[in-house]
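Visitor: Can you keep this structure in mind? I'll have questions shortly.
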Amino acid sequence: VSDGVNVVVTGDLGATVMKTYTFNPNELHRNVLMRITMAGDYTTDDATATVALALKIGATTYHTITTTAGTVPTAPWHIVWTTLITLTGSSGTAETYTSAKTNNVNKDSRAAQQTIDITASQAVTLTATWASGDAADSITIRQLLIEVIN
């Protein structure tokens, strides 16, 4: 799945879904790897504004990547999120890692194994939440690629 539709979230909004993709029940199986690549840019007009990007499957937040505070005139961000399904069923498990950069600052993250119900539809979602943001602050997702590797 690929998506190049730009979505902009300004700093005066609350938590906002930037992208979502839903897997059908039992579409994922043991040892499947999802590699989700996201990229865009962001802008802040003061030294205190930050934006948190939450990576979720269903209602569970697996990772939160937060930008470093500072005045930023259009900086890049990039996340590669890998998720390996290690156990299936209604009490399945997934282990995930992210390799991320915001304004060229590494923001890598490792999540402990999480429970995932493979028998139900599962939405993979990226949300953005600003702290100390205003209407002049914005984050844009420009590219999304979801790969399922068996």
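Visitor: For region 1-86, restrict the atom set to alpha-carbon positions and state the Rg and Dmax in Å.
Guide: In order Rg, Dmax, the Cα atoms of region 1-86 give 15.0, 46 Å.
Visitor: Give, in nm to one decimal, the length gained when the segment between SER90 and ALA131 is fully stretched (0.36 nm per residue of separation minus the Cα-Cα distance).
Guide: Full extension of this stretch gives 11.2 nm more.
Visitor: Give me the percent of the accessible area of region 23-122 that comes from carbon and sulfur atoms, probe 1.4 Å, all protein chains in place.
Guide: That fraction is 48 percent.
Visitor: May I pose another question? Could you give me the ³J(HN,Hα) list for region 64-75, computed from phi with Karplus coefficients 6.51, -1.76, 1.60 and θ = phi - 60°, whole Hz, x at Gly and Pro?
Guide: For region 64-75, the Karplus-derived couplings read 10, 9, 10, 5, 7, 4, x, 6, 10, x, 6, 10 Hz, x marking Gly and Pro.
Visitor: Extension gain LEU13-LEU33, at 0.36 nm per residue separation less the Cα-Cα distance, in nm? Walk me through the intermediate numbers first.
Guide: On the way: separation 20, 0.36 × 20 = 7.20 nm, distance 3.31 nm.
Between LEU13 and LEU33, full extension yields 3.9 nm more.
Visitor: Moving on to the next point. State, to one decimal in nm, how far the label point of GLU147 lies from the label point of ALA123, with both points 7 Å from Cα in the Cβ direction.
Guide: In this crude spin-label approximation the distance works out to 2.7 nm.
Visitor: Once the Cβ-Cβ distance between VAL1 and THR68 is put in as r, and R0 is 30 Å, what FRET efficiency do you end up with, to the nearest 0.05?
Guide: Details: r = 30 Å, r/R0 = 1.00.
Working from the Cβ atoms, E equals 0.50.
Visitor: Using 7 Å Cα-to-Cβ label points, what is the GLN114/ALA47 separation (nm, one decimal)?
Guide: For GLN114 paired with ALA47, the spin-label model returns 3.5 nm.
Visitor: Could you list the square roots of 5 times each eigenvalue of the Cα gyration tensor of the chain, that is, the equivalent ellipsoid semi-axes, sorted largest first and rounded to whole Å?
Guide: Numbers: eigenvalues 169, 39, 35 Å².
Over the Cα atoms of the chain, the semi-axes work out to 29, 14, 13 Å.
Visitor: Place +1 on the Cβ of every Lys and Arg and -1 on the Cβ of every Asp and Glu in region 63-150, take the dipole about the Cα centre, and give the residue among ALA131, THR93, THR67 whose Cα lies farthest towards its positive end.
Guide: THR67
The values are calculated or read from the model by the stated rules, or taken from the named source; none is laboratory data. Every value quoted in this text rests on a predicted model; they were computed, and no experiment measured them. Cβ: placed from backbone, ideal geometry, glycine included. Neighbour counts: every protein chain shown. For accessibility, only protein heavy atoms count, side chains too; no ligands or nucleic acids. Shrake-Rupley method; radii C 1.70, N 1.55, O 1.52, S 1.80 Å.
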